[in-house]
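**Student:** Let me begin by handing over the structure; questions about it come next.
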């Protein structure tokens, strides 16, 4: 399994483009508790996905230890944007990332209305999450992604990116927000995190 270092980039293909450095490492330090059915299977990479109809943003982080006692998270960063609407191309790109980074857990942002009710994209993201689990036989968790794109855009604005630059990076940046949210909340105590049925 590869180490997740800020300078690492996945090999590019026609299906996805590696993200440029996002302006520094992102750290959090919360104990890592169990995922679907119990404790995280092992320390290792965690991939987060911001699902969209046209693009899928991907971010990566490292779970440095397993619960109890030693769990904490390491660096996290944007990884790639899969710029394709075709399922075959999307899952081929995801398979390449999974083969290279060997994640122990996958996260999928679950879009909801402000009041917590589902909307038209919720079912599509849930289907995508179930496809990930079925194809790659890895544990998958949903993460509430409300306001993730707004937070991602604000972060890119703060770094002085133009509208065109923000548009190219916002999907992967939103995936990073999803990943950081999981590290901050679910890694601390996510016994009640919604599992993929």
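**Student:** Among the candidates 76, 99, 89, 93, single out the residue that is crowded, with 19+ Cβ neighbours inside 10 Å and modelled with pLDDT of 95 or more.
**Tutor:** Going through 76, 99, 89, 93 in turn, the sole match is 93.
**Student:** Residues that are closer than 12 Å to residue 59 by Cβ: find the strands (runs of 3 or more DSSP E) completely inside segment 73-191 holding 2 or more of those.
**Tutor:** Values: elements: 73-82, 103-110, 140-144.
In segment 73-191, 73-82, 103-110 are the strands (runs of 3 or more DSSP E) which contain 2 or more residues that are closer than 12 Å to residue 59 by Cβ.
**Student:** Are any of the residues in segment 171-178 modelled with pLDDT under 80 and either within 12 Å of residue 50 (Cβ to Cβ) or surrounded by fewer than 18 Cβ atoms within 10 Å (Cβ to Cβ) (or both)?
**Tutor:** No, segment 171-178 has no match at all.
The values are calculated or read from the model by the stated rules, or taken from the named source; none is laboratory data. None of the values given here were measured: they were computed from a predicted structure. Because the Cβ atoms are built from the backbone with ideal geometry, glycine has one as well, and the counts that use them run over all protein chains shown.
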